[in-house]
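The values are calculated or read from the model by the stated rules, or taken from the named source; none is laboratory data. Because the structure is a prediction, the values reported are computed rather than measured. Using ideal geometry, Cβ is built from the backbone for each residue, glycine included, and neighbour counts are taken over all protein chains shown. In case anyone asks, the SASA skips ligands and DNA or RNA and just uses the protein heavy atoms, side chains included. Shrake-Rupley method; radii C 1.70, N 1.55, O 1.52, S 1.80 Å.
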Amino acid sequence: MTKAHSATGPYQQFILPLLKQYNVANQCALDFGCGVGRYAFPLAGYFKKVIGVDTAETMRRIGRQEAQKRGLNSVEFLDSAEFYSRPLQCDFIYSTHVFQHLENQDEIAKIIERFKEVLRGYAYLHFDTRPKDYAYVLKYLLPDLFLPKTKKRGMRRVRRDVQKLRDMFSECGFQIVKEFNPGTEFHYFFLRHL
Ligand SMILES: C[S@@+](CC[C@H](N)C(=O)[O-])C[C@H]1O[C@@H](n2cnc3c(N)ncnc32)[C@H](O)[C@@H]1O
(Lines give C-alpha, C1' and ligand atoms only; values in the text may rest on other atoms or scores of the structure.)
Protein backbone atom coordinates (compact mmCIF):
# COMPACT_ATOMS: atom_id res chain seq x y z
CA MET A 1 0.00 0.00 0.00
CA THR A 2 1.56 3.31 -1.05
CA LYS A 3 1.72 6.30 1.27
CA ALA A 4 -0.96 8.00 -0.88
CA HIS A 5 -3.36 5.11 -0.21
CA SER A 6 -2.60 4.91 3.50
CA ALA A 7 -5.24 6.20 5.92
CA THR A 8 -2.90 6.45 8.91
CA GLY A 9 -3.28 10.26 8.93
CA PRO A 10 -7.11 10.35 9.18
CA TYR A 11 -6.99 7.40 11.59
CA GLN A 12 -4.71 9.31 13.95
CA GLN A 13 -6.60 12.57 13.54
CA PHE A 14 -10.21 11.35 13.85
CA ILE A 15 -10.49 7.75 15.04
CA LEU A 16 -7.74 7.23 17.60
CA PRO A 17 -8.76 10.28 19.71
CA LEU A 18 -12.33 8.86 19.93
CA LEU A 19 -11.08 5.41 20.89
CA LYS A 20 -9.03 6.98 23.67
CA GLN A 21 -11.64 9.51 24.81
CA TYR A 22 -14.34 6.83 25.15
CA ASN A 23 -11.93 4.25 26.49
CA VAL A 24 -13.09 1.76 23.84
CA ALA A 25 -12.17 -1.83 24.75
CA ASN A 26 -9.37 -3.14 22.55
CA GLN A 27 -10.21 -6.80 21.84
CA CYS A 28 -11.78 -6.57 18.39
CA ALA A 29 -12.71 -4.05 15.70
CA LEU A 30 -14.65 -4.60 12.51
CA ASP A 31 -14.05 -2.48 9.39
CA PHE A 32 -17.14 -2.86 7.22
CA GLY A 33 -16.49 -2.42 3.48
CA CYS A 34 -12.78 -2.37 4.28
CA GLY A 35 -11.52 -2.42 0.69
CA VAL A 36 -7.81 -3.27 0.74
CA GLY A 37 -7.57 -2.45 4.45
CA ARG A 38 -6.60 1.24 4.42
CA TYR A 39 -8.13 1.59 7.89
CA ALA A 40 -7.96 -2.02 9.05
CA PHE A 41 -4.16 -1.81 9.30
CA PRO A 42 -3.97 1.36 11.43
CA LEU A 43 -6.79 -0.07 13.61
CA ALA A 44 -4.55 -3.08 14.29
CA GLY A 45 -2.29 -0.72 16.27
CA TYR A 46 -5.06 -0.40 18.87
CA PHE A 47 -7.10 -3.60 18.65
CA LYS A 48 -5.83 -7.12 19.26
CA LYS A 49 -7.93 -8.35 16.36
CA VAL A 50 -9.31 -6.53 13.31
CA ILE A 51 -11.88 -8.04 10.97
CA GLY A 52 -12.20 -6.48 7.55
CA VAL A 53 -15.43 -7.28 5.72
CA ASP A 54 -15.73 -6.73 1.98
CA THR A 55 -17.87 -8.19 -0.78
CA ALA A 56 -15.08 -7.84 -3.35
CA GLU A 57 -12.79 -10.86 -3.54
CA THR A 58 -10.04 -8.77 -5.20
CA MET A 59 -10.03 -6.30 -2.31
CA ARG A 60 -9.83 -9.08 0.27
CA ARG A 61 -7.00 -10.76 -1.63
CA ILE A 62 -4.93 -7.55 -1.84
CA GLY A 63 -5.69 -6.93 1.85
CA ARG A 64 -4.46 -10.40 2.82
CA GLN A 65 -1.28 -9.94 0.77
CA GLU A 66 -0.67 -6.59 2.47
CA ALA A 67 -1.26 -8.15 5.91
CA GLN A 68 1.28 -10.84 5.09
CA LYS A 69 3.78 -8.23 3.88
CA ARG A 70 3.38 -6.38 7.18
CA GLY A 71 3.59 -9.59 9.21
CA LEU A 72 0.19 -8.80 10.74
CA ASN A 73 -1.77 -11.93 11.55
CA SER A 74 -4.25 -10.04 13.73
CA VAL A 75 -6.05 -8.71 10.61
CA GLU A 76 -8.54 -11.07 8.99
CA PHE A 77 -10.67 -10.53 5.89
CA LEU A 78 -14.20 -11.93 5.59
CA ASP A 79 -16.76 -11.94 2.83
CA SER A 80 -20.38 -10.95 3.29
CA ALA A 81 -21.66 -14.50 3.94
CA GLU A 82 -19.06 -14.95 6.70
CA PHE A 83 -19.99 -11.59 8.17
CA TYR A 84 -23.58 -12.78 8.60
CA SER A 85 -22.87 -16.37 9.64
CA ARG A 86 -19.78 -16.23 11.89
CA PRO A 87 -20.20 -15.69 15.62
CA LEU A 88 -18.57 -12.26 16.00
CA GLN A 89 -18.25 -9.90 18.92
CA CYS A 90 -16.67 -6.48 18.43
CA ASP A 91 -15.84 -3.50 20.59
CA PHE A 92 -15.80 -1.12 17.65
CA ILE A 93 -17.28 -1.03 14.15
CA TYR A 94 -15.95 1.37 11.58
CA SER A 95 -17.24 2.03 8.09
CA THR A 96 -16.31 4.77 5.67
CA HIS A 97 -17.15 5.42 1.99
CA VAL A 98 -19.43 2.38 1.87
CA PHE A 99 -23.04 3.20 2.82
CA GLN A 100 -23.00 6.14 0.43
CA HIS A 101 -22.74 3.69 -2.48
CA LEU A 102 -25.56 1.37 -1.40
CA GLU A 103 -28.74 2.19 -3.29
CA ASN A 104 -31.08 0.08 -1.22
CA GLN A 105 -32.06 1.40 2.21
CA ASP A 106 -33.28 -2.09 3.21
CA GLU A 107 -29.77 -3.45 2.65
CA ILE A 108 -28.41 -0.78 4.99
CA ALA A 109 -31.06 -1.64 7.59
CA LYS A 110 -30.07 -5.31 7.37
CA ILE A 111 -26.39 -4.45 7.90
CA ILE A 112 -27.21 -2.20 10.88
CA GLU A 113 -29.29 -5.04 12.37
CA ARG A 114 -26.28 -7.30 12.07
CA PHE A 115 -24.08 -4.62 13.69
CA LYS A 116 -26.50 -4.68 16.59
CA GLU A 117 -25.88 -8.43 17.08
CA VAL A 118 -22.12 -8.10 16.79
CA LEU A 119 -21.36 -4.88 18.66
CA ARG A 120 -20.71 -4.40 22.36
CA GLY A 121 -19.26 -0.92 22.29
CA TYR A 122 -19.04 1.89 19.74
CA ALA A 123 -19.49 2.40 16.02
CA TYR A 124 -18.26 5.19 13.77
CA LEU A 125 -20.20 5.21 10.52
CA HIS A 126 -20.04 7.43 7.47
CA PHE A 127 -23.01 8.60 5.38
CA ASP A 128 -23.62 11.30 2.80
CA THR A 129 -26.46 13.46 4.16
CA ARG A 130 -26.26 16.48 1.87
CA PRO A 131 -29.71 17.87 1.06
CA LYS A 132 -31.24 16.50 -2.14
CA ASP A 133 -31.38 19.47 -4.51
CA TYR A 134 -33.17 19.46 -7.89
CA ALA A 135 -30.06 18.51 -9.88
CA TYR A 136 -29.51 15.53 -7.58
CA VAL A 137 -33.14 14.38 -7.76
CA LEU A 138 -33.09 14.61 -11.56
CA LYS A 139 -29.85 12.62 -11.85
CA TYR A 140 -31.22 10.06 -9.43
CA LEU A 141 -34.22 9.45 -11.71
CA LEU A 142 -32.26 9.02 -14.94
CA PRO A 143 -31.36 5.48 -16.04
CA ASP A 144 -27.65 4.54 -15.92
CA LEU A 145 -27.48 4.66 -19.72
CA PHE A 146 -27.66 8.46 -19.64
CA LEU A 147 -25.27 8.99 -16.78
CA PRO A 148 -21.46 9.31 -16.65
CA LYS A 149 -19.60 6.43 -14.99
CA THR A 150 -19.27 8.09 -11.57
CA LYS A 151 -23.01 8.82 -11.43
CA LYS A 152 -24.17 5.30 -12.30
CA ARG A 153 -25.78 3.12 -9.62
CA GLY A 154 -23.17 1.45 -7.41
CA MET A 155 -20.62 4.23 -8.09
CA ARG A 156 -22.60 7.35 -7.28
CA ARG A 157 -23.05 8.72 -3.78
CA VAL A 158 -26.55 8.30 -2.45
CA ARG A 159 -27.69 11.07 -0.13
CA ARG A 160 -29.62 9.96 2.94
CA ASP A 161 -32.24 11.65 4.98
CA VAL A 162 -30.63 12.46 8.35
CA GLN A 163 -33.79 11.95 10.38
CA LYS A 164 -34.42 8.53 8.81
CA LEU A 165 -30.90 7.47 9.79
CA ARG A 166 -31.37 8.74 13.34
CA ASP A 167 -34.68 6.84 13.57
CA MET A 168 -33.09 3.66 12.22
CA PHE A 169 -30.26 3.85 14.76
CA SER A 170 -32.60 4.43 17.67
CA GLU A 171 -34.98 1.63 16.53
CA CYS A 172 -31.97 -0.68 16.56
CA GLY A 173 -31.09 0.38 20.10
CA PHE A 174 -28.05 2.52 19.23
CA GLN A 175 -27.43 5.66 21.19
CA ILE A 176 -26.08 8.55 19.09
CA VAL A 177 -23.16 9.81 21.12
CA LYS A 178 -21.92 12.43 18.63
CA GLU A 179 -22.38 13.49 15.03
CA PHE A 180 -19.62 15.02 12.95
CA ASN A 181 -20.26 17.25 9.89
CA PRO A 182 -24.06 16.73 9.74
CA GLY A 183 -25.68 17.62 6.42
CA THR A 184 -22.47 17.08 4.45
CA GLU A 185 -20.93 14.34 2.32
CA PHE A 186 -18.77 13.40 5.31
CA HIS A 187 -21.39 12.93 8.00
CA TYR A 188 -20.06 10.55 10.65
CA PHE A 189 -22.23 9.07 13.40
CA PHE A 190 -20.51 7.96 16.57
CA LEU A 191 -22.85 5.41 18.12
CA ARG A 192 -22.95 3.31 21.23
CA HIS A 193 -24.50 -0.11 21.64
CA LEU A 194 -24.01 -2.07 24.84
C1 LIG B 1 -15.12 3.10 -1.85
S2 LIG B 1 -14.59 1.58 -1.18
C3 LIG B 1 -14.04 2.08 0.44
C4 LIG B 1 -13.07 1.12 1.03
C5 LIG B 1 -12.53 1.49 2.42
N6 LIG B 1 -13.60 1.67 3.38
C7 LIG B 1 -11.66 2.71 2.34
O8 LIG B 1 -12.10 3.79 2.77
O9 LIG B 1 -10.54 2.58 1.85
C10 LIG B 1 -16.12 0.72 -0.83
C11 LIG B 1 -15.90 -0.74 -0.48
O12 LIG B 1 -17.11 -1.27 0.04
C13 LIG B 1 -17.27 -2.60 -0.43
N14 LIG B 1 -18.69 -2.95 -0.32
C15 LIG B 1 -19.73 -2.50 -1.04
N16 LIG B 1 -20.89 -3.04 -0.63
C17 LIG B 1 -20.58 -3.85 0.42
C18 LIG B 1 -21.33 -4.69 1.28
N19 LIG B 1 -22.68 -4.80 1.16
N20 LIG B 1 -20.70 -5.40 2.23
C21 LIG B 1 -19.35 -5.29 2.37
N22 LIG B 1 -18.58 -4.51 1.58
C23 LIG B 1 -19.17 -3.81 0.61
C24 LIG B 1 -16.74 -2.53 -1.85
O25 LIG B 1 -16.36 -3.79 -2.34
C26 LIG B 1 -15.54 -1.60 -1.68
O27 LIG B 1 -14.35 -2.29 -1.42
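Quick rundown of the values:
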{"quantity": "Whole-percent carbon and sulfur share, accessible surface of segment 1-96, 1.4 Å", "calculated": "51 percent"}
{"quantity": "Dipole of the chain, positive direction: furthest Cα of GLY9, TYR94, LEU147, with charges on the beta-carbon", "calculated": "GLY9"}
{"quantity": "Accessible surface, per residue, of the chain when the full set of protein chains is kept, probe 1.4 Å, Å²", "calculated": "53 Å²"}
{"quantity": "In nm, spacing of pseudo-spin labels at ALA81 and THR58 (7 Å Cα→C-beta vector)", "calculated": "2.1 nm"}
{"quantity": "Cα-projected label distance for ASN73 with GLN163, points at 7 Å along beta-carbon direction, nm", "calculated": "5.3 nm"}
{"quantity": "Total charge dipole magnitude, segment 100-194, about the Cα centre, Cβ charges on Lys, Arg, Asp, Glu only, Debye to nearest 20", "calculated": "280 debye"}
{"quantity": "Helix 162-171 vs. the chain, principal-axis angle (Cα, 0 to 90°, nearest 10)", "calculated": "50 degrees"}
{"quantity": "Charged-residue dipole, Cβ positions (Lys, Arg, Asp, Glu), the chain about Cα centre, Debye nearest 20", "calculated": "480 debye"}
{"quantity": "Calculated FRET efficiency for the pair GLU103/LEU138, C-beta based, R₀ 22 Å, to 0.05", "calculated": "0.85"}
{"quantity": "Count of lysine pairs in segment 1-96 with Cα separation under 22 Å (8 or more residues apart, or interchain)", "calculated": "5"}
